[in-house]
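Notes follow once the structure below has been shown.
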Amino acid sequence: MTNIPAIPNTDHIYAFSRDAKPALEVDPGAVVIFDTRDAFSGQIRTPEDKLENLPFDRINPATGPLYVHGAVPGDALAVSILTLETSSHGSVLSIPGEGALGDQITQSTTRIVSIDENWIEFAPGVRLPKRPMMGVVGVAPAGEPIPSGTPGKHGGNMDTNTVAPGATLYLPVEAEGALLAMGDAHALQGDGEVCGTGVECDARATVSVKVIKEYGIQWPMLVNADDLMFIVSAPTLEEASREAVGEIVRHLVNRHDMSFNDAYMLMSCVGSLRISQIVDPLVTVRACIGRRYL
Ligand code: CA
Ligand code: CA
(Lines give C-alpha, C1' and ligand atoms only; values in the text may rest on other atoms or scores of the structure.)
(Ligands and ions follow the chains in the order given, each with its own letter.)
Protein backbone atom coordinates (compact mmCIF):
# COMPACT_ATOMS: atom_id res chain seq x y z
CA MET A 1 0.00 0.00 0.00
CA THR A 2 1.38 3.37 -0.91
CA ASN A 3 0.44 6.94 -0.17
CA ILE A 4 -1.54 6.12 2.93
CA PRO A 5 -2.43 9.38 4.69
CA ALA A 6 -0.80 9.61 8.10
CA ILE A 7 -1.46 11.65 11.22
CA PRO A 8 1.79 12.43 13.05
CA ASN A 9 2.01 12.00 16.80
CA THR A 10 2.45 15.75 17.17
CA ASP A 11 -1.24 16.08 16.22
CA HIS A 12 -2.89 14.89 19.40
CA ILE A 13 -5.63 15.67 21.87
CA TYR A 14 -6.00 15.22 25.63
CA ALA A 15 -9.81 15.27 25.54
CA PHE A 16 -12.36 13.85 23.11
CA SER A 17 -14.42 16.84 22.00
CA ARG A 18 -16.80 17.65 19.16
CA ASP A 19 -15.05 21.05 19.00
CA ALA A 20 -11.59 19.59 18.36
CA LYS A 21 -10.04 20.70 15.08
CA PRO A 22 -9.60 17.71 12.74
CA ALA A 23 -6.02 16.68 12.02
CA LEU A 24 -7.15 15.00 8.79
CA GLU A 25 -10.37 14.45 6.84
CA VAL A 26 -11.10 11.31 4.83
CA ASP A 27 -13.95 9.55 3.06
CA PRO A 28 -15.41 6.33 4.45
CA GLY A 29 -13.35 3.33 3.39
CA ALA A 30 -10.07 5.18 3.80
CA VAL A 31 -6.95 3.59 5.26
CA VAL A 32 -5.09 5.90 7.65
CA ILE A 33 -1.90 5.66 9.68
CA PHE A 34 -1.95 6.97 13.27
CA ASP A 35 1.49 7.54 14.80
CA THR A 36 0.98 7.51 18.55
CA ARG A 37 3.02 8.54 21.59
CA ASP A 38 3.02 6.41 24.68
CA ALA A 39 0.69 7.33 27.56
CA PHE A 40 3.44 9.47 29.12
CA SER A 41 4.06 11.63 26.04
CA GLY A 42 7.51 10.07 25.71
CA GLN A 43 8.72 11.38 29.06
CA ILE A 44 9.63 7.97 30.54
CA ARG A 45 12.86 6.86 28.95
CA THR A 46 15.14 5.67 31.79
CA PRO A 47 14.63 3.81 35.11
CA GLU A 48 15.21 7.16 36.84
CA ASP A 49 12.15 8.72 35.16
CA LYS A 50 9.22 8.59 37.56
CA LEU A 51 5.57 9.12 36.72
CA GLU A 52 4.85 11.04 39.91
CA ASN A 53 7.09 13.82 38.61
CA LEU A 54 5.15 14.23 35.37
CA PRO A 55 2.50 16.89 34.81
CA PHE A 56 -0.83 15.05 34.67
CA ASP A 57 -2.03 17.14 31.76
CA ARG A 58 0.51 15.35 29.56
CA ILE A 59 -0.85 11.86 30.18
CA ASN A 60 -2.65 9.87 27.48
CA PRO A 61 -2.14 11.89 24.29
CA ALA A 62 -4.44 10.56 21.55
CA THR A 63 -3.38 11.13 17.95
CA GLY A 64 -6.05 12.78 15.82
CA PRO A 65 -8.80 13.58 15.52
CA LEU A 66 -9.75 12.12 12.15
CA TYR A 67 -12.89 13.52 10.54
CA VAL A 68 -14.73 10.89 8.49
CA HIS A 69 -17.07 12.39 5.91
CA GLY A 70 -20.67 11.31 6.22
CA ALA A 71 -20.48 10.04 9.79
CA VAL A 72 -23.35 11.49 11.80
CA PRO A 73 -24.87 10.77 15.23
CA GLY A 74 -26.63 7.39 15.25
CA ASP A 75 -24.09 5.79 12.90
CA ALA A 76 -21.27 3.54 14.00
CA LEU A 77 -17.67 4.13 12.98
CA ALA A 78 -16.06 0.77 12.17
CA VAL A 79 -12.33 0.97 12.86
CA SER A 80 -10.43 -2.06 11.61
CA ILE A 81 -6.94 -2.35 13.03
CA LEU A 82 -4.90 -3.68 10.13
CA THR A 83 -1.43 -3.49 11.69
CA LEU A 84 0.05 -2.18 14.92
CA GLU A 85 3.82 -1.72 15.02
CA THR A 86 5.49 -0.81 18.29
CA SER A 87 8.64 1.07 19.19
CA SER A 88 11.73 -0.95 20.16
CA HIS A 89 11.49 0.01 23.83
CA GLY A 90 8.64 0.32 26.30
CA SER A 91 8.09 1.00 29.97
CA VAL A 92 6.27 -0.74 32.82
CA LEU A 93 5.72 1.28 35.98
CA SER A 94 4.69 0.51 39.53
CA ILE A 95 3.60 3.72 41.24
CA PRO A 96 2.55 4.50 44.82
CA GLY A 97 -1.21 5.05 44.92
CA GLU A 98 -1.80 3.62 41.45
CA GLY A 99 -3.53 0.41 40.48
CA ALA A 100 -5.18 -2.31 42.55
CA LEU A 101 -2.43 -2.39 45.19
CA GLY A 102 -1.30 1.20 45.05
CA ASP A 103 -1.69 1.56 48.81
CA GLN A 104 0.94 -1.14 49.26
CA ILE A 105 3.54 0.42 46.98
CA THR A 106 5.94 2.59 48.91
CA GLN A 107 8.58 3.03 46.24
CA SER A 108 8.04 3.37 42.52
CA THR A 109 9.72 1.19 39.92
CA THR A 110 10.24 2.21 36.31
CA ARG A 111 11.30 -0.69 34.12
CA ILE A 112 12.46 0.00 30.59
CA VAL A 113 12.07 -3.08 28.41
CA SER A 114 13.25 -3.88 24.90
CA ILE A 115 10.68 -5.00 22.35
CA ASP A 116 11.48 -6.91 19.19
CA GLU A 117 9.21 -8.32 16.53
CA ASN A 118 7.80 -11.07 18.73
CA TRP A 119 9.10 -10.71 22.27
CA ILE A 120 9.45 -8.36 25.21
CA GLU A 121 12.52 -8.66 27.44
CA PHE A 122 10.68 -8.21 30.75
CA ALA A 123 13.72 -9.05 32.90
CA PRO A 124 17.10 -10.68 32.18
CA GLY A 125 16.21 -14.12 30.84
CA VAL A 126 12.46 -13.50 31.09
CA ARG A 127 10.79 -12.98 27.73
CA LEU A 128 7.10 -12.34 27.30
CA PRO A 129 5.25 -12.84 23.99
CA LYS A 130 4.30 -9.57 22.35
CA ARG A 131 0.57 -8.89 21.81
CA PRO A 132 0.20 -5.26 20.70
CA MET A 133 -3.03 -3.41 21.47
CA MET A 134 -4.27 0.17 21.64
CA GLY A 135 -5.36 1.42 25.08
CA VAL A 136 -7.19 4.55 23.92
CA VAL A 137 -9.46 4.57 20.84
CA GLY A 138 -12.43 6.89 20.79
CA VAL A 139 -14.68 9.38 19.07
CA ALA A 140 -16.07 12.72 20.20
CA PRO A 141 -19.00 12.62 22.63
CA ALA A 142 -22.20 14.62 22.08
CA GLY A 143 -21.87 16.52 25.34
CA GLU A 144 -18.98 17.88 27.36
CA PRO A 145 -15.42 16.92 26.35
CA ILE A 146 -14.14 13.70 27.98
CA PRO A 147 -10.48 13.49 29.07
CA SER A 148 -8.45 10.98 27.09
CA GLY A 149 -7.77 9.02 30.30
CA THR A 150 -11.45 8.20 30.83
CA PRO A 151 -13.36 5.38 29.07
CA GLY A 152 -17.04 5.51 28.14
CA LYS A 153 -19.65 5.08 25.43
CA HIS A 154 -17.37 7.03 23.11
CA GLY A 155 -14.56 4.46 23.63
CA GLY A 156 -11.54 6.30 25.01
CA ASN A 157 -9.24 4.75 27.60
CA MET A 158 -10.78 1.27 27.54
CA ASP A 159 -7.45 -0.54 28.06
CA THR A 160 -8.94 -3.65 26.50
CA ASN A 161 -6.40 -6.08 25.15
CA THR A 162 -8.62 -7.29 22.31
CA VAL A 163 -8.38 -3.83 20.67
CA ALA A 164 -5.65 -5.38 18.56
CA PRO A 165 -4.65 -6.16 14.97
CA GLY A 166 -7.32 -8.17 13.17
CA ALA A 167 -10.15 -6.69 15.22
CA THR A 168 -12.80 -4.22 14.14
CA LEU A 169 -14.03 -1.79 16.78
CA TYR A 170 -17.46 -0.23 16.24
CA LEU A 171 -17.83 3.11 18.01
CA PRO A 172 -21.19 4.91 18.38
CA VAL A 173 -20.88 8.19 16.48
CA GLU A 174 -22.10 11.17 18.52
CA ALA A 175 -20.58 14.09 16.60
CA GLU A 176 -20.40 14.91 12.91
CA GLY A 177 -17.32 13.35 11.33
CA ALA A 178 -16.92 11.02 14.35
CA LEU A 179 -13.54 12.64 15.21
CA LEU A 180 -11.54 9.46 15.83
CA ALA A 181 -8.37 9.60 17.91
CA MET A 182 -6.15 6.94 19.46
CA GLY A 183 -3.06 6.43 21.60
CA ASP A 184 -1.70 4.65 24.66
CA ALA A 185 -0.44 1.59 22.80
CA HIS A 186 0.74 -1.39 24.78
CA ALA A 187 3.08 -4.09 23.44
CA LEU A 188 1.38 -6.31 26.03
CA GLN A 189 -1.28 -5.82 28.69
CA GLY A 190 -3.03 -8.35 30.88
CA ASP A 191 -6.71 -8.31 31.75
CA GLY A 192 -7.26 -5.77 34.52
CA GLU A 193 -4.06 -3.80 33.88
CA VAL A 194 -3.76 -4.22 37.63
CA CYS A 195 -0.70 -2.08 38.37
CA GLY A 196 -1.91 0.68 36.08
CA THR A 197 0.37 0.10 33.09
CA GLY A 198 1.00 -2.48 30.44
CA VAL A 199 4.16 -2.40 28.35
CA GLU A 200 3.69 1.25 27.38
CA CYS A 201 5.14 2.19 24.00
CA ASP A 202 4.98 4.42 20.97
CA ALA A 203 3.27 2.84 17.99
CA ARG A 204 2.15 3.11 14.39
CA ALA A 205 -1.38 1.88 13.76
CA THR A 206 -2.71 1.34 10.26
CA VAL A 207 -6.50 1.30 10.32
CA SER A 208 -9.41 1.45 7.92
CA VAL A 209 -12.53 3.43 8.76
CA LYS A 210 -16.05 2.73 7.55
CA VAL A 211 -19.38 4.30 8.41
CA ILE A 212 -22.25 1.96 9.27
CA LYS A 213 -25.44 4.00 8.92
CA GLU A 214 -27.93 4.03 11.79
CA TYR A 215 -26.33 1.07 13.52
CA GLY A 216 -27.92 1.76 16.88
CA ILE A 217 -25.25 0.57 19.31
CA GLN A 218 -24.91 2.43 22.61
CA TRP A 219 -21.45 1.15 23.58
CA PRO A 220 -18.27 0.15 21.73
CA MET A 221 -18.57 -3.25 20.06
CA LEU A 222 -15.61 -5.31 18.95
CA VAL A 223 -15.50 -8.20 16.51
CA ASN A 224 -12.43 -10.35 15.99
CA ALA A 225 -11.85 -13.76 14.41
CA ASP A 226 -13.41 -15.59 17.35
CA ASP A 227 -15.70 -13.33 19.32
CA LEU A 228 -18.21 -10.51 19.33
CA MET A 229 -18.10 -8.34 22.43
CA PHE A 230 -19.38 -5.14 23.94
CA ILE A 231 -16.99 -3.03 26.00
CA VAL A 232 -18.69 -1.16 28.82
CA SER A 233 -17.32 1.20 31.47
CA ALA A 234 -18.98 2.23 34.74
CA PRO A 235 -18.08 3.21 38.32
CA THR A 236 -18.17 -0.44 39.50
CA LEU A 237 -17.55 -3.85 37.97
CA GLU A 238 -21.09 -4.90 38.84
CA GLU A 239 -22.67 -1.95 37.04
CA ALA A 240 -20.38 -2.43 34.05
CA SER A 241 -21.16 -6.17 33.97
CA ARG A 242 -24.94 -5.70 34.02
CA GLU A 243 -24.79 -3.00 31.33
CA ALA A 244 -22.49 -5.12 29.14
CA VAL A 245 -24.80 -8.12 29.37
CA GLY A 246 -27.79 -5.90 28.61
CA GLU A 247 -26.09 -4.37 25.58
CA ILE A 248 -24.98 -7.68 24.06
CA VAL A 249 -28.43 -9.23 24.63
CA ARG A 250 -30.07 -6.20 22.95
CA HIS A 251 -27.67 -6.60 20.04
CA LEU A 252 -28.46 -10.31 19.65
CA VAL A 253 -32.17 -9.46 19.63
CA ASN A 254 -31.81 -6.59 17.14
CA ARG A 255 -29.21 -8.04 14.78
CA HIS A 256 -29.32 -11.81 15.20
CA ASP A 257 -33.04 -12.40 15.28
CA MET A 258 -33.24 -13.88 18.77
CA SER A 259 -35.89 -13.39 21.41
CA PHE A 260 -34.71 -11.54 24.49
CA ASN A 261 -35.00 -14.63 26.66
CA ASP A 262 -33.15 -16.84 24.15
CA ALA A 263 -30.32 -14.30 23.86
CA TYR A 264 -30.16 -13.99 27.65
CA MET A 265 -30.03 -17.75 28.15
CA LEU A 266 -27.48 -18.20 25.35
CA MET A 267 -25.20 -15.62 26.98
CA SER A 268 -25.59 -17.45 30.26
CA CYS A 269 -24.52 -20.75 28.66
CA VAL A 270 -21.69 -19.78 26.32
CA GLY A 271 -20.94 -16.09 26.94
CA SER A 272 -18.20 -14.70 29.11
CA LEU A 273 -17.63 -11.57 31.13
CA ARG A 274 -14.04 -10.40 31.19
CA ILE A 275 -12.42 -7.59 33.09
CA SER A 276 -10.57 -5.21 30.78
CA GLN A 277 -9.22 -2.81 33.39
CA ILE A 278 -9.80 -1.78 37.01
CA VAL A 279 -7.40 1.17 37.17
CA ASP A 280 -8.95 4.04 35.19
CA PRO A 281 -11.52 6.65 36.36
CA LEU A 282 -14.24 4.13 35.37
CA VAL A 283 -13.66 0.35 35.25
CA THR A 284 -14.19 -1.56 32.01
CA VAL A 285 -15.79 -4.96 31.39
CA ARG A 286 -16.48 -6.78 28.15
CA ALA A 287 -19.31 -9.19 27.51
CA CYS A 288 -18.22 -11.71 24.85
CA ILE A 289 -19.85 -14.42 22.81
CA GLY A 290 -18.19 -16.79 20.34
CA ARG A 291 -19.17 -15.92 16.77
CA ARG A 292 -19.74 -19.61 16.08
CA TYR A 293 -22.91 -19.38 18.17
CA LEU A 294 -24.38 -16.57 16.07
CA1 CA B 1 -4.66 3.41 29.41
CA1 CA C 1 -1.28 2.69 29.30
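Here is how the numbers come out for the structure above:
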{"quantity": "Selected residue (only one of Gly74, Gly42, Gly29 is within 16 Å of ligand 1 (Cβ to nearest atom) and over 16 Å from the mean Cα position of the chain (by Cα))", "calculated": "Gly42"}
{"quantity": "Some residue of the range 167-188 being surrounded by fewer than 22 Cβ atoms within 10 Å (Cβ to Cβ) and within 13 Å of ligand 1 (Cβ to nearest atom)", "calculated": "no"}
{"quantity": "When residues of the range 115-134 are limited to those that are more than 24 Å from Val79 (Cβ to Cβ) and in contact (Cβ under 8 Å) with a residue 24 or more places away in the chain, the one farthest from ligand 2 (Cβ to nearest atom)", "calculated": "Asp116"}
{"quantity": "Verdict on Glu200 being charged (D, E, K, R) and at pLDDT below 95", "calculated": "no"}
{"quantity": "Residue in the range 224-235 that is within 14 Å of ligand 1 (Cβ to nearest atom), surrounded by 18 or more Cβ atoms within 10 Å (Cβ to Cβ) and at positive phi present", "calculated": "no"}
{"quantity": "Candidates Gly99, Gly138, Gly152, Gly156, filtered to the one that is touching a residue at least 12 places away in the same chain (Cβ under 8 Å), within 15 Å of ligand 1 (Cβ to nearest atom), within 23 Å of Thr46 (Cβ to Cβ) and surrounded by 15 or more Cβ atoms within 10 Å (Cβ to Cβ)", "calculated": "Gly99"}
{"quantity": "Selection status of Val137, under 23 Å from Glu25 (Cβ atoms), away from ligand 2 (no atom under 14 Å from the Cβ), among the aliphatic types (A, V, I, L, M) and in a strand (DSSP E or B)", "calculated": "no"}
{"quantity": "Extreme residue, nearest to ligand 1 (Cβ to nearest atom), among residues of the range 196-214 that are of a type in the set (Ser, Thr, Tyr) and farther than 12 Å from His186 by Cα", "calculated": "Thr206"}
{"quantity": "Failed item in (1) touching a Pro at 6+ places or on another chain (Cβ under 7 Å); (2) buried (at least 23 other Cβ atoms within 10 Å of the Cβ); (3) of a type in the set (A, V, I, L, M), with Val163 passing the rest", "calculated": "(1)"}
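The values are calculated or read from the model by the stated rules, or taken from the named source; none is laboratory data. This is a predicted model, so every value here is computed, not measured. We place every Cβ from the backbone using ideal geometry, glycine too, and count neighbours over all the protein chains shown.
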